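Structure first, commentary second.
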């Protein structure tokens, strides 16, 4: 019994152990890696990615998948900048109004995404993929390809103002991570994600309105994508129709690396956090140790496989596809 | 009841309706030469989608296809000079081999194919960058024409690519319908535990499915590099999502065991027609991507046979 | 209504005259292209116009398109008469769209195009030629492909000699660094031609500055986000050793500036490329030392103009010397001294160009190494 | 109190319920029996709101009601305890109990876990189950899960004004004998709070528990029997439409096996945590029954023989050859066939047709160089469809749409047509009606006569005793006792139970 317990414990903590191992490895090769400043850099690049990962974690918990994040982030980021400028161009003058507006918009897009998936009975992979195209397309339509800038030092304080060595946006991300954790453990909706992921038809038979849970899940994910968009704007001071590019594969990879099972019902936002940190640590570390750039994609792939292998409960995985 | 019977035919009905719609707007679209050329141009994408069908048919996915094709354009360009026609074999072997690795990682190391193929794609991309020296390469035009010229010419008014596509479709259709491999893949896709309990070596068949997917992605890359007379580590970018869309629109859902290569042929043509329709309907440049997404939702909503999806995830 | 008809008749007459002219020429000196297929040497009436490019998601391509549109309006058509063929970074779609466009208009086309990846240029121009259309290309083509080898249907190719301007920006950068220290380069997509050229320019300049060390050069894929993350990693690896940053384009520079901003580093000498509005503003503000303007507006307009005039027969490619069919586009170095002037002249008010002055601002024939 | 009047339900091509009248009084236990396909499950779905009837009425206390979904039915006091394990394994016990009704524990959007745990404990007390409500459900035994399901349905008591009707669908199928007794005792006590509709294939249990029994056949109620009014045989006669033979288990057909021909030998086989030191032999024509409680290691033994598990120690010898590589492929090549318990998951591939399923394990025989001879496959399938009287429209019918009994026949045909002569049968009659069960018994005897060795894990002890030549009792992964079961000298239920528990 103790043997079994320790095996489960190892699997549970494997992603964190992988993260620690990576830190040790990179530090051993280049000690400069291990510094508060560098950790701050890693967390800056992780903050928007973490929000996307938390959003998609809820979807993956339900056994679905969401590929719309690139389009949603581009669209919400562009609209955020536009609204911010429209409302006065700085936080105090009314620019803050853009934030709730964009969060609501993210929710709206997620809601439509969920509606298409649930009402038209289109598998989420396809529905969200198509919604992603629509989102990016809408962003192109709005900007005509131009960059929209936000030049407000107060708002940009999210990036530039540091507390204990970390920029404010990192704390914002942590707050939303906490919110995600709260939703996951302490609310009906969060628990219902696990129920749907653990057995959709059983949950339905128990009187759970699975469709509503699904739509709520996609709506919630939309909100988190909008937060990611705002953080991305805070990070770069601008938005354009490609602001969301590259978030799709990397966020899903992160979530899985962190130990969330793609078949649903297993994992949570802490796994998303660890996964995002692993992926961003690898990306940062490969440059810091001076790995040739053409090797980096392959190395990331190999490390991801290793991380997933270590954190998979082989006995629990029945059918892996 | 009648609608149930009607459902499996929805993909090609959708295709015909789309063609008719575009034809109504501009009848030049319906000229056989135009349609043939349209079909000919989509062939590299089709071949990649054909490979993806195998991965999706067993309920997985192959996200490495695009990087694989990229790598193969480089391999073909680098080794055409020294190997001649044998380079084709090398390409297919490389694709098959990398596909096997994806399959191995998926089945033996239990990494979901979404991740494993993405990772193997990263490896392929690194290889392509290394081999190419991070440059675009071109083939010697004379040698290309001598060795692979037959791939890209025309016979009468029919582009030769279409013969290649038809040949590969026939082979894969034969594999799917008439061989133990095809039957086993169907069983794995529709009910993996039952297939395992029937004594099938499920892991081996899954590895084979990914290997076939890799080999076909390689053929797509080879054809593309011949067409372009060169290769680069990013030249096949933009293939992956349309290829996945083609498979899905054709009616092979991600749940496995349903659909097949014939569906993919129709799905690819649907994608080709939707793309061309942007031109014929004069869709503004800034609107195209959005319209594509919306049309896609409509097309998928029409073509998937929900009766065969037990749970819509 | 009446003006429309009048215009139409006028245009028709011109077109017919051009047609006759071209036919006469075709009978004389242009017997060879006739052998290549139907309509190859016939001047077209009112050809359909298209620009084939990557996407609408960048200032660069927007500027190219605006040039194309300015040209189209200069010949009395509306913006909508120019069709955008967007390849979304896919060579496959680029080729397929162009072929569909040719088919739709039965080859009566004038197309300007960036083929997305250099190997894609050959099949594109071959397709255009087979259909009897006319095409001008920019940026991407392989070195062994030349308009004069293809015939009149491949009107021209314009590229930009990135090596020299990138070298110039590097020299400005090095001067600002005081002739010593460490520089990092954040490049474009590795196999892209301009990415290679711009890095080469930097390396050329380095030869004259022995005390400056190129610490690292890695691809940032023309992408702002990736550039910010790469720069952050560079800072960890090299720290204070970095005293200057050489960026392959403006978008990368935006990311670099934000990464430095996050670290509280100000006053780092940075140079960029492309001369986009935002970058020029940064040069004026002193955030950037220099960028290079390639006048995509003019490039976009004149490429389409060349193809159009070749199509209607008012321009005869085969009668032109090679340096008129493969030429470098303009490059204008923008530094703090002239940024305001530059902005007023080129960005705030787009100059009106004479679209029949095909080579006015250009930079001479393309030289292959 | 709850009543169905002339309820009709039609599906494309099927008239599933034909003017069914049904009623249940307060505190009553009503049995519902019928062969598979008789309309029991459709009727249940109408009762708990998953289906809406096409005709007729549903009345509660004389008032017409209509349920849009199961939740609407629950709100009227109608709850369902499902046949298949319907608890979500990755959730805690209390979450399962209150799934869909968490709102009562939510304050300002936050779940009060303590309150939920207390309420869950109260529900668990109703079914006399003392476990921590925060336990993850997958850690429970089958019997415990069954009780949790019952507790879950009993939450209706607090939620609903008025009477409760609780459907119990095959609640005993995964329970051991003593657990069944406990459950029945509990149900009788609970009649003070609710009425029960009890659906089971085990006639003796239905007779024992029910006050009245509805007998269904072909979508109609053919008889309503009060307790003690009729014998098991009479009811079965009504259900099947013919006499049920006294020699139910075909004991008269049991012939001695060929002790000289050993097919299978296990020696000292151990799988850590599952089975230890298992030694047994199987001979040609022998029916060897493994008897034990749920989780005693019976399934692990079958799976080891089949090569799905590799033993840590010990040897498995099939037809004189020791197995070195444990894979199903290897076992199949040596003539082993496996009829798994989860028929719908491991037995048949839904979505594939009859002939494809039948030849799945032996595609090599029907192909040359990997190319299938489909004509031959179809001919074989047609042959077996008629031999086993499989009710399928043709060999092209989707196996997923066949009834359970016919699916099982397809699975058996898969192995028999391939010439397997060592058959591993795991609960081959589970969920089958009497007619289909008898067909399976016949097939077991047929196989035995043909010299096939059979390792059987039976659905009930009676079945095990009736069918077998030898019985091995397994407990906690180890063999307790071996019995010889010659006709007329079979061990009694009590003999077996003594070693099982």
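If you filter segment D:334-347 down to residues that are assigned to a helix (DSSP H, G or I) and touching a strand residue (DSSP E or B) at 6+ places or on another chain (Cβ under 9 Å), you find that the one that is farthest from the other protein chains (Cβ to nearest Cβ) is D:347. The set of residues in segment D:444-467 that are closer than 13 Å to residue D:388 by Cβ and surrounded by fewer than 21 Cβ atoms within 10 Å (Cβ to Cβ) contains only D:446. Only strands (runs of 3 or more DSSP E) whose full extent lies in segment D:151-247 are considered here, and the ones with at least 2 residues that are under 16 Å from residue D:35 (Cα atoms) and touching a residue at least 24 places away in the same chain (Cβ under 8 Å) are D:194-199, D:212-217, D:220-226.
Has segment C:288-297 got any residue that is away from chain A (no Cβ under 13 Å), more than 25 Å from the chain's Cα centre (by Cα) and either crowded, with 24+ Cβ neighbours inside 10 Å or at pLDDT below 95 (or both)? Within segment C:288-297, none of the residues are away from chain A (no Cβ under 13 Å), more than 25 Å from the chain's Cα centre (by Cα) and either crowded, with 24+ Cβ neighbours inside 10 Å or at pLDDT below 95 (or both). In this structure, residue B:232 does not qualify as modelled with pLDDT of 95 or more, crowded, with 24+ Cβ neighbours inside 10 Å and within 14 Å of chain C (Cβ to nearest Cβ).
Can you confirm whether segment C:50-57 contains a residue that is buried (at least 22 other Cβ atoms within 10 Å of the Cβ), more than 8 Å from every other protein chain (Cβ to nearest Cβ), in contact with a strand residue (DSSP E or B) (Cβ under 9 Å, 6 or more places away or on another chain) and over 22 Å from residue B:292 (Cα atoms)? So far as segment C:50-57 goes, no, none of its residues is buried (at least 22 other Cβ atoms within 10 Å of the Cβ), more than 8 Å from every other protein chain (Cβ to nearest Cβ), in contact with a strand residue (DSSP E or B) (Cβ under 9 Å, 6 or more places away or on another chain) and over 22 Å from residue B:292 (Cα atoms). Only one of the numbered conditions (1) under 25 Å from residue B:105 (Cα atoms); (2) surrounded by fewer than 24 Cβ atoms within 10 Å (Cβ to Cβ); (3) at pLDDT below 95 is not met by residue B:219, and that is (3).
When you scan segment C:299-321, do you find a residue that is assigned to a helix (DSSP H, G or I), surrounded by fewer than 22 Cβ atoms within 10 Å (Cβ to Cβ), touching a strand residue (DSSP E or B) at 6+ places or on another chain (Cβ under 9 Å) and modelled with pLDDT of 90 or more, even just one? Within segment C:299-321, not a single residue is assigned to a helix (DSSP H, G or I), surrounded by fewer than 22 Cβ atoms within 10 Å (Cβ to Cβ), touching a strand residue (DSSP E or B) at 6+ places or on another chain (Cβ under 9 Å) and modelled with pLDDT of 90 or more. Checked against (1) surrounded by fewer than 20 Cβ atoms within 10 Å (Cβ to Cβ); (2) touching a residue at least 40 places away in the same chain (Cβ under 8 Å), residue A:81 passes all but condition (1). Of the residues contained in segment B:89-111, one or more are found to be part of a helix (DSSP H, G or I) and farther than 28 Å from residue B:59 by Cβ. In the set B:77, B:67, B:37, only one residue is in a helix (DSSP H, G or I), within 30 Å of residue B:208 (Cα to Cα) and at the interface with chain C (Cβ under 10 Å from one of its Cβ atoms); that residue is B:77. Within segment C:33-74, being in a loop (DSSP other than H, G, I, E, B) and modelled with pLDDT of 90 or more holds for one residue alone: C:47. Look at (1) in a strand (DSSP E or B); (2) touching a strand residue (DSSP E or B) at 6+ places or on another chain (Cβ under 6 Å); (3) in contact (Cβ under 8 Å) with a residue 12 or more places away in the chain and you find that residue D:10 fails only one, number (2). Residues in segment A:256-297 that are assigned to a loop (DSSP other than H, G, I, E, B) and without any contact (Cβ under 8 Å) to a residue 24 or more places away in the chain were compared, and the one that is farthest from residue A:184 (Cα to Cα) is A:292. Restricting segment B:125-143 to residues that are facing another protein chain (nearest Cβ under 8 Å) and in a helix (DSSP H, G or I), the residue that is surrounded by the most Cβ atoms within 10 Å (Cβ to Cβ) is B:129.
Among the residues of segment D:359-385, those identified as surrounded by fewer than 17 Cβ atoms within 10 Å (Cβ to Cβ) and part of a helix (DSSP H, G or I) are D:364, D:365, D:374, D:375, D:376, D:379, D:382, D:383.
The number of residues in segment D:319-333 being more than 8 Å from chain B (Cβ to nearest Cβ) and crowded, with 17+ Cβ neighbours inside 10 Å comes to 3. Scanning segment D:18-41 for residues that are at pLDDT 90 or above and in contact with a helix residue (DSSP H, G or I) (Cβ under 8 Å, 6 or more places away or on another chain) yields D:20, D:22, D:29, D:31, D:32.
With respect to residue D:388, is the statement that it is surrounded by 14 or more Cβ atoms within 10 Å (Cβ to Cβ), touching a helix residue (DSSP H, G or I) at 6+ places or on another chain (Cβ under 9 Å) and modelled with pLDDT of 90 or more true? When the stated conditions are applied, residue D:388 does not pass them.
Annotation note: of D:424, D:456, D:461, D:432, the sole residue that is in contact with a helix residue (DSSP H, G or I) (Cβ under 9 Å, 6 or more places away or on another chain) and farther than 20 Å from residue D:248 by Cα is D:424. Annotation: of all residues in segment D:62-79 being facing chain A (nearest Cβ under 7 Å) and surrounded by 19 or more Cβ atoms within 10 Å (Cβ to Cβ), the one that is modelled with the highest pLDDT is D:74. The listed residues are D:307, D:351, and the only one of them that is in a loop (DSSP other than H, G, I, E, B), touching a helix residue (DSSP H, G or I) at 6+ places or on another chain (Cβ under 7 Å) and closer than 20 Å to residue D:402 by Cα turns out to be D:351. From the list D:87, D:91, D:124, D:99, the lone residue that is crowded, with 21+ Cβ neighbours inside 10 Å and in contact with a strand residue (DSSP E or B) (Cβ under 8 Å, 6 or more places away or on another chain) is D:91.
Counted as qualifying within segment C:119-223 are the helices (runs of 4 or more DSSP H) with 3 or more residues that are within 30 Å of residue C:106 (Cβ to Cβ), namely C:121-131, C:147-150. Just to be sure before I move on: is residue D:305 within 30 Å of residue D:178 (Cα to Cα) and more than 14 Å from chain B (Cβ to nearest Cβ) in the structure I sent? Against the criterion (within 30 Å of residue D:178 (Cα to Cα) and more than 14 Å from chain B (Cβ to nearest Cβ)), residue D:305 does not qualify.
Of the residues in segment C:234-250, at least one is on the phi > 0 side of the Ramachandran plot and facing another protein chain (nearest Cβ under 8 Å). Of the candidates B:274, B:175, B:207, the single residue that is within 14 Å of chain C (Cβ to nearest Cβ), surrounded by fewer than 24 Cβ atoms within 10 Å (Cβ to Cβ) and outside any strand (DSSP E or B) is B:274. Restricting C:175, C:121, C:170, C:191 to residues that are within 9 Å of chain B (Cβ to nearest Cβ), modelled with pLDDT of 90 or more and farther than 23 Å from residue B:22 by Cα narrows the list to C:121.
Counting only helices (runs of 4 or more DSSP H) that sit wholly inside segment C:224-288, those with at least 2 residues that are under 22 Å from residue C:193 (Cα atoms) and free of Cβ contacts under 8 Å to residues at least 40 places away in the same chain are C:224-238, C:250-263.
The values are calculated or read from the model by the stated rules, or taken from the named source; none is laboratory data. Please read these numbers as outputs of a predicted model, since none were measured by experiment. A quick note on method: Cβ atoms are made from the backbone with ideal geometry, for glycine too, and the neighbour counts reach across all protein chains shown.
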